[in-house]
Amino acid sequence: MEDDDVSILYSHGDKPISQSDLVVCFSADFNRRQLPSSHEEAIESIWSSRCSANKTLWNGSKFRLHSVSTLESGRTQWDLGLTCYKDFLGTNFSPDADLLQEMGKNVAGNLQAFMADPLGVGCVLLTSDNQIVLLKRSGECAEAPLLYDVPGGHPEPGEISGDALNASLFTPEAIVTEIFSSILREVRDEVNLPLHSLSAPLLLGVALNKHSHNRPSSEYLVRTELSGSEVTTLYNTGSQSEASESTQVHLVSHDQLMNMQQTNFWQDLAPSAKGCFLLYQDFVKRSCCTQR
């Protein structure tokens with residue numbers, strides 16, 4: 001499971017996991033390492049320049065994925081710290097990102113040691129008539145403009161503790177709940193589907209976006225009780241809170257998804273969609289093998 005745009009950090013294969021099977025270890029030890037002062041100043045400079053060009057930018061806090069492991073119990077553990085959008089633009093999206101990764105490798109034995117690596121979420125949204133929902137990203141989007149993407153975004157630390165980011169509120173249970181809740185909110189806010197129409201998310205795995213120097217995104221399977229035509233109708237009302245992030249909804253059949261690499265449309269996908277689809281294809285193929 002590899003592509004020029006994405007790689008797979010890990011896959012749950014034919015057994016995607018529910019919220020109860022994910023464990024989080026949250027610590028400041030898992031934040032990115034502090035860079036030498038000249039590089040930290042460069043992060044501030046990049047942020048200032050970006051804000052001057054786009055007045056809508058704001059520096060929201062994000063969870064940082066440091067590492068993934070499997071516990072003796074068989075449950076999956078994520079080691080998480082905190083980061084922010086400013087650091088993401090100043091490290092993963094920096095013109096010097098390759099240098100920062102090389103520094104991480106030399107200093108800490110870890111390419112990502114100095115990278116913000118904010119954790120994203122995305123999903124294969126499967127309708128009741130077995131169609132997959134894609135959105136065409138707006139030309140105003142900073143990442144992957146005009147490409148087709150799955151619904152997605154980020155878990156928000158502020159949803160747990162508010163803007164003050166009270167660390168005592170970041171319990172493992174609260175963080176896991178926010179992670180799984182966030183992908184459902186993104187579907188609601190981007191596609192305009194009511195939360196009651198959505199299934200509990202199942203975690204497929206984590207993909208890495210090579211265009212943003214291995215920024216991680218957790219990918220899920222979410223089903224809706226609505227048909228493709230009902231989804232399209234709701235999207236086209238334009239009343240969703242994040243309507244400006246996309247310009248149209250696009251449905252593909254399940255068979256089209258499973259063979260998409262052989263079509264020209266694969267190149268019209270955002271890296272995040274490619275990672276999500278690679279993990280879903282792995283799930284379906286392994287499930288078929290298990291059932292034989």
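Roughly how big is the stretch 99-222's charge dipole about its Cα centre, with Cβ charges of +1 (Lys, Arg) and -1 (Asp, Glu), in debye to the nearest 20?
I would put it at about 320 debye.
List, in the order given, every pair from LYS86/LYS210; LYS62/LYS105; LYS62/LYS274; LYS15/LYS105; LYS55/LYS105 whose Cα-Cα distance in the structure shown is over 26 Å.
Beyond 26 Å: LYS15/LYS105; LYS55/LYS105.
Of all DSSP beta bridges located in the chain, what percent are antiparallel, nearest 5?
75
Taking the square root of 5 times each eigenvalue of the Cα gyration tensor, what semi-axes in Å does the equivalent ellipsoid of the stretch 1-102 have, largest first?
Listed largest to smallest, the semi-axes of the stretch 1-102 are 31, 16, 14 Å.
Would you please report the Å³ per residue occupied by the convex hull of the alpha carbon atoms in the chain?
Measuring per residue, one finds 143 Å³ for the Cα hull of the chain.
From Cα pairs below 8 angstrom and at least 6 apart in sequence, can you work out the relative contact order of the chain, rounded to a whole percent?
26
Once the dipole of the stretch 60-144 is set up with Lys and Arg at +1 and Asp and Glu at -1 on Cβ about the Cα centre, which of LEU125, SER69, LEU89 lies farthest towards its positive end?
Of the listed residues, the answer is LEU125.
With charges only on Cβ, +1 for K and R and -1 for D and E, what is the dipole size of the stretch 144-282 about its Cα centre, in debye, rounded to 20?
300
Counting other Cβ atoms within 10 Å of each Cβ, which trypsin sites (Lys or Arg not before Pro) in the stretch 1-50 have at most 16 and sit in a DSSP loop?
ARG33
Using a 1.4 angstrom probe, figure out how much accessible area the stretch 202-292 has per residue, in square angstrom, rounded to the nearest whole.
Ligands and nucleic acids excluded, the result is 46 Å² per residue.
Identify the GluC sites (Glu not before Pro) of the stretch 69-162 meeting these criteria: DSSP loop state and at most 10 other C-beta atoms within 10 Å of the C-beta.
Passing sites in the stretch 69-162 are GLU72.
Among all helices in the chain defined by DSSP H, which have a length of 20 Å or more along the axis from Cα atoms plus a Kyte-Doolittle mean of at least 0.0?
Counting only whole DSSP H runs, the qualifying helices are 172-191.
Using a 1.4 Å probe on the protein chains only, how many percent of the accessible area of the chain belongs to carbon and sulfur?
The nonpolar share, carbon plus sulfur, comes to 48 percent.
What do you reckon, how do ASP87, ASP96, ASP255 stack up by accessible area (1.4 Å probe), largest on top?
Sorted descending by solvent-accessible area, the residues read ASP255, ASP96, ASP87.
Once every DSSP H run of n ≥ 4 in the chain is given -39500 (n - 2.57) and the sum is divided by its residues, what mean residue ellipticity at 222 nm do you get, rounded to the nearest 500 deg cm²/dmol?
So the helix-based figure for the chain works out to -10000 deg cm²/dmol.
Loop-only check: which trypsin sites (Lys or Arg not before Pro) in the stretch 149-244 are DSSP coil with at most 12 other Cβ within 10 angstrom?
In loop regions of the stretch 149-244 (DSSP not H, G, I, E or B), there are no sparsely surrounded trypsin sites (Lys or Arg not before Pro).
Please report, in debye to the nearest 20, how large the charge dipole of the chain is about its Cα centre when each Lys and Arg carries +1 at its beta carbon and each Asp and Glu carries -1 there.
280
For a label point 7 angstrom out from the Cα of SER7 toward its Cβ, which stretches of the stretch 191-215 have the backbone nitrogen within less than 12 Å?
Flagged as within label range: 208-211, 213-215.
Please work out the average accessible area per residue across the stretch 1-116, using the 1.4 Å probe convention, and give it in Å².
Result: 52 Å² per residue.
The values are calculated or read from the model by the stated rules, or taken from the named source; none is laboratory data. Since the structure is predicted, the reported quantities are computational estimates derived from the model, not experimental observations. A quick note on method: Cβ atoms are made from the backbone with ideal geometry, for glycine too, and the neighbour counts reach across all protein chains shown. Accessible surface areas use protein heavy atoms only, side chains included; no ligands, DNA or RNA. Shrake-Rupley method; radii C 1.70, N 1.55, O 1.52, S 1.80 Å.
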